[in-house]
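Novice: Below you'll find the structure I mean.
The values are calculated or read from the model by the stated rules, or taken from the named source; none is laboratory data. In this text, all values refer to a predicted model and were calculated from it rather than measured experimentally. Please note: Cβ atoms are built from the backbone with ideal geometry, for glycine as well, and neighbour counts cover all protein chains shown.
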Amino acid sequence: MSKLSKGKRIEREVANILRQMDYAIYKPIHTRYGAKDIFGLFDIIAVKSKDSISKFPDLFLIQVKTNKTDYYSAKGKIKRWLEEYKLPKSVGVGVWLRESKSHHKIYIIHEGKEYVKKWVIVDDTFNN
């Protein structure tokens, strides 16, 4: 499987997880010339529905990664980006890593705080 195919598959998986958490999703369209990242950095924008009970931010900018090296590199890029741009408190940013078929980890910066959440997928159900 190519790196591009794997990345697109994981992005779809993350988008589906976020939909289960009552988020509306926007992902740029992939073309034969590649996808255009949002602000040159993010793969997905997720907006929380008013009925969502998720503890994630109301508006969430997400970079999806499939390996730890890229995950740590993306964390640094996001921190530098946040030094340049001021976001409202309701907006969070994150790097989502699919560690294995069932394990996901996400690094989140929201309201000036940094934290890491881990989840396990069981029978296509998202459990945290």
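Novice: Kindly provide the set of residues from the range 23-40 that are surrounded by fewer than 16 Cβ atoms within 10 Å (Cβ to Cβ) and at pLDDT 90 or above, ordered by number.
Specialist: Across the range 23-40, the qualifying residues are Ala24, Tyr26.
Novice: Hey, another quick one. Checking the conditions here, which among Lys117, Lys89 is surrounded by 10 or more Cβ atoms within 10 Å (Cβ to Cβ), under 13 Å from the mean Cα position of the chain (by Cα) and modelled with pLDDT under 85?
Specialist: Lys117
Novice: Here are the criteria: (1) touching a residue at least 40 places away in the same chain (Cβ under 8 Å); (2) touching a Pro at 6+ places or on another chain (Cβ under 8 Å); (3) not small (Gly, Ala, Ser). Tell me which single one Val91 does not satisfy.
Specialist: The number of the failed condition is (1).
Novice: Here is a further query. If you take the residues of the range 45-81 that are within 20 Å of Tyr26 (Cβ to Cβ) and over 15 Å from the mean Cα position of the chain (by Cα), which of them is modelled with the lowest pLDDT?
Specialist: Ser52
Novice: Considering only residues that are under 22 Å from Lys77 (Cβ atoms) and surrounded by fewer than 16 Cβ atoms within 10 Å (Cβ to Cβ), look in the range 1-12 and name the one that is modelled with the highest pLDDT.
Specialist: Among them, the one singled out is Lys6.
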